[in-house]
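The values are calculated or read from the model by the stated rules, or taken from the named source; none is laboratory data. Bear in mind that the values here come from a model prediction, so they are computed numbers and not experimental data. Cβ: placed from backbone, ideal geometry, glycine included. Neighbour counts: every protein chain shown. Remember, those area values only see protein heavy atoms, side chains included, never the ligands or the DNA or RNA. Shrake-Rupley method; radii C 1.70, N 1.55, O 1.52, S 1.80 Å.
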Amino acid sequence: MAAVATCGTGAGSTGSMVAAGSKNNVTSFQRRGPRASGSDSSYSRLVSIAGTRPSVRNGQLLVSTGLPALDQLLGGGLAVGTVLLIEEDKYNIYSSLLFKYFLAEGIINGHTLLVASAKEDPADILQELPAPLLDDNVKKDFDEDACNHKTAESNIKMKIAWRYQLLPKMEQAGPVSSSRFGHYYDASKKMPQELIEASKWHGFFFPEKSSSTLNIEPCSLTHGYIKLLQFIQNTIYEEGFDGSNPQKKQKNILRIGIQNLGSPLWGDDICCTENGNSHSLTKFLYVLRGLLRTSLSACMITMPTHLIQNKAIISRVTNLSDTVVGLESFIGSERETNPLYKDYHGLIHIRQIPRLNNLIYDVSDVKDLAFKLKRKLFTIEWVQDNYLRQERNIYPPGFSYLLKQKDSAWGEGSLQHSTFLMSFLAKATAFASRLVRHSEPLEQTGSGRALQAAGPRLWRDGRRQEAPGLLVTPP
Amino acid sequence: VTPSEGARGGTGRQLEMESVLALRGLVLLRDSVEWEGRSLLKALIKKAALGGEQVHILGCEVSEEEFRAGFDSSINSRLVYYDFFRDPLNWAQTGEALPGGPLGALQAMCERTDPGPVTVALDSLSWLLLRLPCAALCQALCAMSRQHACRGGGPAAEQLCVLGLLHRELHGPGPMGALSSLAQTEVTLSGTAGQASAHILCRRPRQRPTLETLWFSVLPDLSLDLQGGPPLESQPHPDPHTPQVDPASHLTFNLHLSKREREAKDSLTLPFQFSSEKQQALLRPGPGPATSRIFYEPDVFDDLDPEDPDGDLDV
């Protein structure tokens, strides 16, 4: 009926709804839920856009970064309208891989891409994207990876009964389908050409767009940044991501990827000198954030912060970005010989997570994260997982037997195990396996009325010492 | 007549040199005051010229005669030399100089080259870095390889080689880091006791960078002579082996068990495990609770109330 078909358009239709209900003789209240697909374009409630999902904590719309493990660490994904800054590793191997995962995720989900680079042509970047792992292949790969892992483990006597098993795992193996939020990619294969051609993308290659070398006044944006901002603004306006054109078609997300921002190839000398034009990059980030907040877009920037000479700028840049992730690879550093790190390729530091419409952070508890690039997958794990897999007696000798057994009152999962031994062993294990930073503020979970004070100290005499964690190089 | 070990070793090293010195892209030759790099630069130029490549040289630090000394005439006729030493700012207005200064010369080099392998030698990149803004120089260097790729066939990575001589002590970490991030190969010159060595760091795209060390010397006719290793008089390790870091060495509790402790731990019977000994002990009618008893003799001050033996009723 006509009345039923238009019932979603506004408040004036309640009368018609009641009339319709009485005609159906079921009830006079009818649920204004989603109807048949014909009339859903005019709904004012949240329309589900492909490749996004609302956050479970505050309902913020999230997109996947292309790496499900990183999504988990960032609290579900990258929020739409925010900037994810990746601090590059020294040789720019892993950060460019994360960049490609981000773009590949956009292609799989059907988002529009905007790729900006001063070094490589965006068309070349898109040719190098990794191929997605599809349903039938990925289960086989995960199973064989898990089998390899288990056979190695069974050779080592596992006597750890601590609650590390109960901590959330970093990576969930599972089948992949196109309707899923995050996808897995095979770094050794390239994305099929037809997927790339079917996608919509805009490229910004700075050497082609720069017309002449202008004289730059201090404290203003460099030429390259101005051009890039204009390009982004035009794309957002023309494609209607900021709602300027009335949306006749399905809403979509714009994924912006900017590579090597701040490098000299953009015309910015922030990496070369200490006292150069130090406000250009920060102004750019400020204007970019304004553009993003008013449009349905998400941005990933990779920045070679290891080259920036003025350290104050790095902290300013961190404050101006929303989510900041730092990559540190072990190539060429002394950590390569450290047996803690022998299975990993580098460390991931989650430097900042935004507080969007929130008073509290969504920081994960785990601090010592390392990544490794396996044959096909990029995995992020907690460093202690590897360390504790070896047979180590980290408990005081008197209590180890209590924890070894499974089916007794003191075994894993029993109440006595939890309450009594936790309090003792929590201190010992925290001592051993965490970086103890006394200056770090505590996570304020709770109503906020009482400030959470620091936990119990480990030394009886009250002297506060820097506890020698396992990840601190010994003096 | 058997071929000597030395000859066979020589050809092996020759092949190794070919693979290592197959330098393409931007190559930084970082030298220092003790170990100069101009002779190595000239040796690489000679090798490129003998290999049939076009060679362009941007000479800024030394005069043209001094640079050409050492090359024989056949090679000298093949070198295309852009002189910025005699008159860098073009005050003589002779009209020979290229517009746009050194950057213009770099651009002109790309326009004048025919497609094919090209080697461009910058003598020196330090001179350019001190006089031009670093960002502009980086952009120009990247543009060179791109323009060459546009003009000729084949990817630029195999066609163009830009050798830049960089003096380490002249620049701070900022410009050096910026150029290193752009370079495909970095050759750092150092050495011990009269023997020069080159640490070659190759960054291939999407692969781990490789570091190799070559010991060499440049002969008077500008050919490279590779030695196998450091001279025998001084034998410091070229790469000091870093000792394995033991993360469990500075803790306040004991992580390692000695053999005796481990045996004791393994043989420990768990108190709540129902083993056969325990079963026998339970089944056997034992002496009972008579093993532990408390004997107490009440003395004269005890006032035991039979109805309230604990004495805690508030009466």
Candidates A:Thr302, A:Thr318, filtered to the one that is in contact with a Lys or Arg (Cβ under 7 Å, 6 or more places away or on another chain), of a type in the set (Ser, Thr, Tyr) and either outside any loop (DSSP other than H, G, I, E, B) or crowded, with 19+ Cβ neighbours inside 10 Å (or both): A:Thr318
Which numbered condition B:Gly311 misses (of (1) open to solvent by 100 Å² or more (accessible area, probe 1.4 Å); (2) at pLDDT 70 or above): (1)
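With respect to A:Glu328, determine if the residue is open to solvent by 50 Å² or more (accessible area, probe 1.4 Å), assigned to a loop (DSSP other than H, G, I, E, B) and out of contact with any Ser or Thr (no Cβ under 9 Å at 6 or more places or on another chain). Break it down stepwise before answering.
Working: open to solvent by 50 Å² or more (accessible area, probe 1.4 Å): yes; assigned to a loop (DSSP other than H, G, I, E, B): no; out of contact with any Ser or Thr (no Cβ under 9 Å at 6 or more places or on another chain): yes.
Answer is no for this residue.
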The stretch A:288-346, subset acidic (Asp, Glu) and touching a Gly at 6+ places or on another chain (Cβ under 9 Å), residue nearest to A:Tyr94 (Cα to Cα): A:Glu328
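Mind telling me which of the residues A:Phe284, A:Phe330 ends up being among the aromatic types (Phe, Trp, Tyr), in contact with a helix residue (DSSP H, G or I) (Cβ under 7 Å, 6 or more places away or on another chain) and within 20 Å of B:Ser181 (Cα to Cα)?
It is A:Phe330.
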Condition check for A:Phe371: away from chain B (no Cβ under 14 Å) and either surrounded by fewer than 17 Cβ atoms within 10 Å (Cβ to Cβ) or modelled with pLDDT of 90 or more (or both): no
Cβ-Cβ under 9 Å pairs, at least 6 apart or on other chains, the stretch B:98-122 side within 24 Å of B:Leu179 (Cα to Cα), far side among the acidic types (Asp, Glu) and open to solvent by less than 60 Å² (accessible area, probe 1.4 Å): B:Pro117/B:Glu53; B:Val118/B:Glu53; B:Thr119/B:Glu53
Subset of the stretch A:250-264 [open to solvent by less than 10 Å² (accessible area, probe 1.4 Å) and facing another protein chain (nearest Cβ under 9 Å)]: A:Pro264
Positions within the stretch A:200-229 being open to solvent by less than 90 Å² (accessible area, probe 1.4 Å) and modelled with pLDDT of 90 or more, in sequence order: A:His202, A:Gly203, A:Phe204, A:Phe205, A:Phe206, A:Tyr225, A:Ile226, A:Lys227, A:Leu228, A:Leu229
Test result for A:Leu281, outside any loop (DSSP other than H, G, I, E, B), at negative phi, within 14 Å of chain B (Cβ to nearest Cβ) and not basic (Lys, Arg): yes
Residues of the stretch A:63-73 classified as touching a strand residue (DSSP E or B) at 6+ places or on another chain (Cβ under 8 Å) and either among the aromatic types (Phe, Trp, Tyr) or surrounded by fewer than 24 Cβ atoms within 10 Å (Cβ to Cβ) (or both), total: 3
Residue check for B:Arg151: among the charged types (D, E, K, R) and at pLDDT 80 or above: no
Residues satisfying the stated conditions in the stretch B:177-189, i.e. out of contact with any His (no Cβ under 7 Å at 6 or more places or on another chain), assigned to a strand (DSSP E or B) and either open to solvent by 10 Å² or more (accessible area, probe 1.4 Å) or within 14 Å of chain A (Cβ to nearest Cβ) (or both): B:Thr185, B:Glu186
Residues located in the stretch A:287-325, provided they are under 17 Å from B:Ser181 (Cβ atoms) and away from every other protein chain (no Cβ under 14 Å): A:Ile301
